[in-house]
Structure formats: C-alpha cells, structure tokens
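Structure first, commentary second.
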Amino acid sequence: EYAQLETEEARKEIEILNEEIIDTQKELVFKLGAIAEARSKETGMHVKRVAEYSKLFALYSGISKEEAEIIKMASPMHDIGKVAIPDQILNKPAKFTDEEFELMKSHAQMGYEMLKFSKKTILKTASIIAHEHQEKYDGTGYPRALKGEEIHIYGRITAIADVFDALGSKRCYKDAWEDEQIFAFVQEQRGKHFDPILVDVFFDHLDEFLTIRDTFKEPE
C-alpha cells in the first residue's frame, strides 16, 4: 500500500517536471523565433499570428489536436536561420542583388542545420518547418525545389500561414496589402506556391483566420 502511494507520488512529480520541460521548450522556441523576427524589424505578433494560423490549417487538414499544438509551438522558429544573415541584407529596403538573394535564401538551410540534431519533438518539428517553409507546391521554391507532397505538410502549412501574414503587414521593403489583393493572390497561387487543399481550407474558414488576425494585432 505504502509503496504504491510512493510510486503514485513519484509519477505525479515526473508528470509535473515533464510539463515544466515542455513549457520551457515552448517559451524558448517562441522567444528565439521572436529574436529572429526582431532582427528583421518584424514583431512578436507576426510569430504569434503565424503560429495560430498554422494550428488552424493543421486542424482543418485532419491533423490531430496534439500534433496541431506541436506545429503551433514549433512554427515561431520558421525563420530562425535569419539570425545568420547580415543586417544590411535583412533590412535592405530595396530589391536584392542576385548574390544578396542567394544569401537571404540560405536562411532556410541554416535554420535546419541549427535544429536538426535535436531529439525533442518540438525542435524536430521546428527543423522541418525551418527547412521547408520556403518550398513551393509547384517545385519552384528553395532550398531543395521540392514539389507537391514531397514537401512535408508542416512546410506547406507554414508557407501559406507566413505569406498570408506577411502580405498584410508593413515591411521595410513594402506596404501592407489590402484584403482583396491578398485574397486574389492566395487564390492565384493555388497549386503554384500553395497546396490547393490548404487554399481551400483558407477560404472555407476565412472568418476564423481573420478573427486570429484581429485578435493578435500589432501594438499601436
């Protein structure tokens, strides 16, 4: 009886410790993602919105709640490789030269290299997202020019979530787009940049995506 109680107590303590480890991972992942964004003059809110959009895309793609939650936790790391890109390129308000663009593109591979050895689920997921969020459904993306289903679903999800948010945000090189422009672009890129199924999910549940956008607005 006593031994059973002790075992139960130990099990509870281990559970609490595991929770704490997961919470620490979550916090670190989010903070690191926010650091990458801050260097390119973006806000933590961009990271937050992309995370929420990614979870929504995942759920409506038939991914389990648990896995969708992991995608949400990992997605803030999509641009972590940008910490290796020099400031003058990262924040250049004009068009990149070919050399600069090649260097900028290297952030996807670099992000993957930073994370690929981790055995932790959140960081393993983050390594896939960092590696594949710039791939395009038609095979014209980078770094590996993967096509269609060759791109991991995590990469396909983060691609559309990230682009949708970036288009609606002001950046050093562009103004925010109007909604009509954004919707037309997403539709036009169905099967080109974006997975057609995810484009359909986006328009079928548009009100939910816009609610997320309104909930996590930029601070005035």
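The values are calculated or read from the model by the stated rules, or taken from the named source; none is laboratory data. Keep in mind it's a predicted model, so treat the numbers as computed, not measured. FYI the Cβ positions are ideal-geometry reconstructions off the backbone, even for glycines, and counts take in every protein chain you see. Ligands, DNA and RNA are stripped out before the accessible areas are found, and what is left, the full protein with its side chains, is counted by its heavy atoms. Shrake-Rupley method; radii C 1.70, N 1.55, O 1.52, S 1.80 Å.
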_What FRET efficiency comes out for Glu113 versus Ile89 if R0 is 25 angstrom and r is the Cβ-Cβ distance? Round to the nearest 0.05._
0.85
_Gained length - Glu149 relative to Lys217, 0.36 nm times residue gap less alpha-carbon distance_ = 21.2 nm
*For the chain, with a Gaussian network of springs between Cα atoms less than 10 Å apart, report the residue from Glu99, Glu135, Glu13 with the top mean-square fluctuation.*
Glu13
*Over the range 60-143, one equal point on each Cα, no solvent: what is log10 I(q)/I(0) by the Debye formula at q = 0.15, 0.18, 0.24 Å⁻¹?*
-0.61, -0.81, -1.13
*Relative contact order of the chain: what whole-number percent is it, with Cα pairs under 8 angstrom and at least 6 residues apart?*
19
_the range 88-152 - percent relative contact order, Cα under 8 Å, separation 6 or more_ = 22
_Choice from Ser169, Ser75, Ser64 with maximal GNM fluctuation in the chain (Cα, 10 Å cutoff)_ = Ser64
*Would you work out the relative contact order for the range 38-124, in percent, from Cα pairs under 8 angstrom that are 6 or more residues apart?*
29
*May I ask you to compute the full-extension gain from Glu180 to Asp200, defined as 0.36 nm times their residue separation minus their alpha-carbon distance, rounded to one decimal in nm?*
5.6 nm
*asked:* Counting C-alpha atoms alone, how compact is the chain: give Rg to one decimal and Dmax as a whole number, in angstrom.
replied: 18.8, 73
*Out of Glu132, Glu37, Glu178, any idea which swings most in a Gaussian network model of the chain, alpha carbons joined below 10 Å?*
Glu178
*With all protein chains present and a 1.4 Å probe, how do Glu188, Glu52 order by accessible area, largest first?*
Glu188, Glu52
*On the protein heavy atoms, probe 1.4 angstrom, tell me the percent of accessible surface of the range 1-107 carried by carbon and sulfur.*
59
*Rounded to a whole number, what % of the accessible area of the range 154-205 do carbon and sulfur atoms account for, probe 1.4 Å?*
52
*Calculate, for the range 107-220, the solvent-accessible area per residue in square angstrom, rolling a 1.4 angstrom probe over the heavy atoms of the protein chains.*
51
_Placed amide H near Arg171: partners under 5 Å, 5+ positions off or other chain_ = Ala176
